[in-house]
Every structure is written in structure tokens, then in C-alpha cells.
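The values are calculated or read from the model by the stated rules, or taken from the named source; none is laboratory data. In this text, all values refer to a predicted model and were calculated from it rather than measured experimentally. As a convention, Cβ positions derive from the backbone with ideal geometry for all residues, glycine included, and neighbour counts pool all protein chains shown. In case anyone asks, the SASA skips ligands and DNA or RNA and just uses the protein heavy atoms, side chains included. Shrake-Rupley method; radii C 1.70, N 1.55, O 1.52, S 1.80 Å.
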Amino acid sequence: MIGKSFVTLAMTLVFVCAVSGMPYAADMSGAWKGLLSSADGSQAEVQIDFSPQGFPLYSYTNNKGLTRQVELSHVGQTVEYVPSGGGVQRTVVTRVEKGSGRLTVGISGSFERASQGYLDQQQEAALFEYALVSDGLKLRITTHTASHFGDKDMMVGGDPNAVVAEGILHRLR
């Protein structure tokens with residue numbers, strides 16, 4: 001099954017891009033939509049947009065209900081906000097590689113929330129690999145997740161989870 005954090009991450013990533021005459025990552029213009037499948041047979045529908053420069057846009061809604069988009073364009077870039085329900089969500093770009101018809105973006109994310117003496121921590125790393133192919137845009141997402149929950153006396157962790165999902169997206173418009 002595709003994990004809840006994978007679906008959340010995939011749904012929050014939105015991409016928008018301008019048309020270019022050369023086969024570079026910027027050619028991933030417009031919106032793309034398709035079905036990703038994982039080895040266990042689970043599926044998730046995603047929609048992706050790119051900026052005019054050919055970088056993915058990370059979309060999020062903060063605790064005040066304001067939706068923002070941030071272009072993920074360089075290593076070390078950090079997006080931090082308070083999501084609905086509290087806590088702190090932090091996303092850091094760990095890898096960006098652009099080439100002819102290809103784009104790879106790595107991100108790591110963490111979420112922390114303290115409530116009534118308990119601490120909830122979640123970590124996730126995701127690698128998004130995009131490639132223009134004759135059928136559309138091939139997308140492969142590899143995620144690694146872990147979570148911990150505890151109080152002042154003890155911290156327990158869930159089993160780490162790794163998921164690979166891939167599919168072909170088709171241009172909308």
C-alpha cells in the first residue's frame with residue numbers, strides 16, 4: 001500500500017511550466033496527470049505542474065488556511081510552516097539534477113508536534129525522477145519514511161517504510 005505520507009507528499013507537489021523548443025526539463029510544460037503504481041499493487045492519482053524554469057512547485061496550506069507554492073530549484077532550499085492542526089512541517093531540497101528531457105529532485109521532510117506531554121515526529125525522504133518519453137512524462141518516486149511517538153519517559157518508533165511508485169503522466173491542456 002502506498003503510505004499515507006507518500007500520498008500526502010504526492011498530493012502536495014504541484015508543478016507548472018512554460019513551453020520551450022529544446023528537449024530540456026523546461027519542456028515539461030503545463031500540467032501532467034496520471035496514475036502511479038507501487039509493487040504491492042496500490043495506486044495513487046497525481047497531478048504535477050512545473051514553473052517556467054522547469055522546476056517543480058511545492059504547494060502547501062498553512063494553519064491560517066493560506067495556500068502557497070514554492071519553486072523547488074536548488075539544494076539547501078527550505079520550506080517551513082505550521083500546518084492545520086499545529087506542529088511544524090519542514091521540507092528541504094537535497095538534490096536537483098537537470099538534463100536533456102530529465103529532472104531529478106530529492107527532498108527530505110520532517111514533521112514535529114508536541115501535545116499534552118506527547119511528542120510526535122515523522123521523517124520522510126523522497127526522490128522524484130522525471131523523464132520525457134514518447135508516451136508522456138515518466139515519473140518514479142522513491143520514498144523512505146519513519147515515525148516516532150513518545151513522552152518524557154519513553155520514545156517508540158514505527159517500522160521504517162520504503163515505497164517505490166511509478167507511472168506515465170499525460171499532459172493536460
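Miscellaneous remarks
- Subset of region 1-52 (residues that are modelled with pLDDT under 50, open to solvent by 40 Å² or more (accessible area, probe 1.4 Å) and among the aliphatic types (A, V, I, L, M)): 1, 7, 11, 16, 18, 19, 22
- For region 74-120, a residue qualifies if it is polar (S, T, N, Q) and touching a strand residue (DSSP E or B) at 6+ places or on another chain (Cβ under 7 Å), and the qualifying residues are 77, 78, 84, 89, 91, 94, 104, 108, 110.
- Under the condition of being free of Cβ contacts under 8 Å to residues at least 12 places away in the same chain and among the aliphatic types (A, V, I, L, M), the residues counted in region 27-74 number 1.
- Scanning region 57-103 for residues that are among the β-branched types (Val, Ile, Thr) and either open to solvent by less than 20 Å² (accessible area, probe 1.4 Å) or not in a strand (DSSP E or B) (or both) returns 75, 79, 82, 91, 93.
- Hey, residue 107 under 17 Å from residue 74 (Cβ atoms), surrounded by 14 or more Cβ atoms within 10 Å (Cβ to Cβ) and among the hydrophobic types (A, V, I, L, M, F, W, C) or not: yes
- Subset of region 69-79 that is of a type outside the set (A, V, I, L, M) and modelled with pLDDT of 95 or more - its residue that is nearest to residue 119 (Cα to Cα): 78
- Residues located in region 85-103, provided they are under 18 Å from residue 145 (Cβ atoms) and over 17 Å from the mean Cα position of the chain (by Cα): 87
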